[in-house]
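Quick note: the coordinates plus some simple rules give every number you see, no bench work behind them. Just so it is clear, the model here is predicted, and its values are computed rather than measured. Cβ placement follows ideal geometry from the backbone for every residue including glycine, while neighbour counts extend to all protein chains displayed.
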Amino acid sequence: MHKILSFYEFNTFDFLDVKENQKILTVNCKELGIKGTIILSEEGINGTVSGNEQSIDKLSLLLSSLGYKANIKISFSESDAFKRLKVKIQSEIVTFDGLGKFASNTGDFIDPKDWDNFINNDDVQLVDVRNFYETVIGKFPNSIDPKTETFTDFKEFIESELGNLKDKKIAMYCTGGIRCEKASSYMKDIGFKEVFQLRGGIINYLNSLDK
């Protein structure tokens, strides 16, 4: 059984620390037999990796020791989900506009248990932050579908299609939460007054239904 660790965190890191962390994570993941991808940036960390349970637990402790306080999701798989290890440095941990601006002033979080009641308010406009190949599978009723091919298209969608909603309550959701943090921060920067996001994304919402 393989344990899969998915994690991300927006935070500010010095570039020299990022370079050093890349070396440390690469060496330790190889020694632990961990495979997958970890993206490091001055704006944070984003990764999905797999290995045996003991190795993944050791990696979690290592991430904490390096100063990362990432949002973590755990799952399991009968087979190895990845063929190799990649620990790379990029300007952004999730590609949005290429500027690598730290997503600090993000939208307010709505917990899954409160989500249904919140989005049923008449003054709330739902916005799906996922791409078209994800939204065709299903989405929350009455949500705006951006029909984007990649997340980098979402910035233009905000500017061209949502500009008249700056005084309205915007409730955003995506798969795991990371894209909403990036997009909601940008929206607040350009004048959207009330922006909210589903904590942990659809994955967290669906998991909460099983409890």
- prompt: Do we find that T48 is assigned to a strand (DSSP E or B) and surrounded by 13 or more Cβ atoms within 10 Å (Cβ to Cβ) in this structure?
  reply: yes
Inside the range 152-187, the number of residues satisfying the requirement of being over 18 Å from E134 (Cα atoms), without any contact (Cβ under 8 Å) to a residue 24 or more places away in the chain and not charged (D, E, K, R) is 3
Given (1) small (G, A, S); (2) closer than 17 Å to G176 by Cβ; (3) under 20 Å from the mean Cα position of the chain (by Cα), S77 misses just (3)
Taking the range 1-39 and the residues there that are touching a residue at least 24 places away in the same chain (Cβ under 8 Å) and part of a loop (DSSP other than H, G, I, E, B), the one that is farthest from N105 (Cα to Cα) would be M1
**Request:** Please work out if D80 is in a loop (DSSP other than H, G, I, E, B), closer than 19 Å to T152 by Cα and of a type outside the set (A, V, I, L, M, F, W, C).
**Result:** no
Assess whether S64 counts as being without any contact (Cβ under 8 Å) to a residue 24 or more places away in the chain and in a helix (DSSP H, G or I).
yes
If we take the range 111-208, then helices (runs of 4 or more DSSP H) inside it with 3 or more residues that are within 22 Å of F96 (Cα to Cα) are 132-135, 154-161, 178-189
